[in-house]
1. If a/c stays under 1.5 just call it rounded; otherwise compare a/b with b/c (prolate if a/b is bigger, oblate if not). Do that for the stretch 29-219, with a ≥ b ≥ c from the square roots of the Cα gyration tensor eigenvalues.
2. Between rounded, prolate and oblate, where does the stretch 91-177 land on the alpha carbon gyration tensor, with a ≥ b ≥ c its root eigenvalues, rounded for a/c under 1.5, else prolate if a/b exceeds b/c?
3. Sort R51, R67, R110, R152 so the one with the fewest other Cβ atoms within 10 Å of its own Cβ comes first.
4. Can you put E74, E115, E137 in order, fewest other beta carbons within 10 Å first?
5. Go through the stretch 107-124 residue by residue and turn each phi into a ³J(HN,Hα) via Karplus (6.51, -1.76, 1.60, θ = phi - 60°); whole Hz please, and just put x for glycine and proline.
6. Tell me, what ³J(HN,Hα) does each residue in the stretch 34-45 have, in order and in whole Hz, if you take phi through Karplus 6.51 cos²θ - 1.76 cosθ + 1.60 with θ = phi - 60° and put x for Gly and Pro?
7. Among V123, V96, what is the fewest-to-most ranking by other Cβ atoms within 10 Å?
Amino acid sequence: MKKLILFMVLALLPSTAFAEGPVLDRPHWSLELKGGSFYPDIPDWETYYGRDKTTHLAGSLAYKILRQVEVGIEGGYIWDRGMGYAPVHQEVTGTVKYDIAPLQAFVLFRGVFSEGQWIVPYVGGGWTRLYYRERIENQATVRGYTDGYHGRAGLQLLLDNIDPSASGKFYLDYGVHHTYLFFEAQSITAKIDAISATTSQIENIDLGGVSYLAGLLFEF
């Protein structure tokens, strides 16, 4: 009987020691840095700005309620320079400098089911406040904000296995569990009322549009 008890104690020792050792916890935060092209919903944008798109840069920080569900905030900056048309003024003019800055709160659902999953799809959306500024040659600057909403969807590719040693060092030095390359489509709707210079009627102008973005995601 004593030998049997001793054998059982020895058999349990490895698992006990493992359970008391350090455990790699799941990530709790997501940090995204991204950039790409924004396609405005404003009519005839290409006519006055020379192309149908402009630049969109953004960054976001989110907290993971569950491994698959997170809530976060995102700040972005979109700008262009053109000749002839001011969308907020709704009039033909000289040189125009147009800037918008979307501030967004969102809920995101990621289709991740294991820490080593190579490809992770995701979808989400939420509230948007869009700050705008329009600087027109020899005229006063117009600025303001409007509220709206947005949706987003994308695909992220795990980079950890490309260089496992570098990935391990990244975790030890900075606490980053995983690094992903991701591609995202984002649609923003944010409307304002503007008086048309041609009809003198109040028109509903959508300052939003669709963005196609790429960037890096760090989970820690």
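1. Working: a/c = 2.94, a/b = 2.38, b/c = 1.23.
Since a/c reaches 1.5 and a/b is larger than b/c, the shape of the stretch 29-219 is classed as prolate.
2. Values: a/c = 3.60, a/b = 2.35, b/c = 1.53.
It is prolate, given that a/c is not under 1.5 and a/b is the larger ratio.
3. Ordered by Cβ neighbours within 10 Å, fewest first: R51, R67, R152, R110.
4. Numbers: E74 21, E115 14, E137 11.
Starting with the residue having the fewest Cβ neighbours, the order is E137, E115, E74.
5. 10, 10, 10, 10, x, 9, 10, 8, 5, x, 5, 6, 10, 10, x, 8, 8, x
6. 8, x, x, 10, 10, 10, x, 7, 5, x, 6, 4
7. Least crowded to most crowded, the residues run V123, V96.
FYI, it's all coordinate maths here, none of it is from the lab. Just so we're clear, the structure is a prediction, and the values are computed from it rather than from any experiment. Using ideal geometry, Cβ is built from the backbone for each residue, glycine included, and neighbour counts are taken over all protein chains shown.
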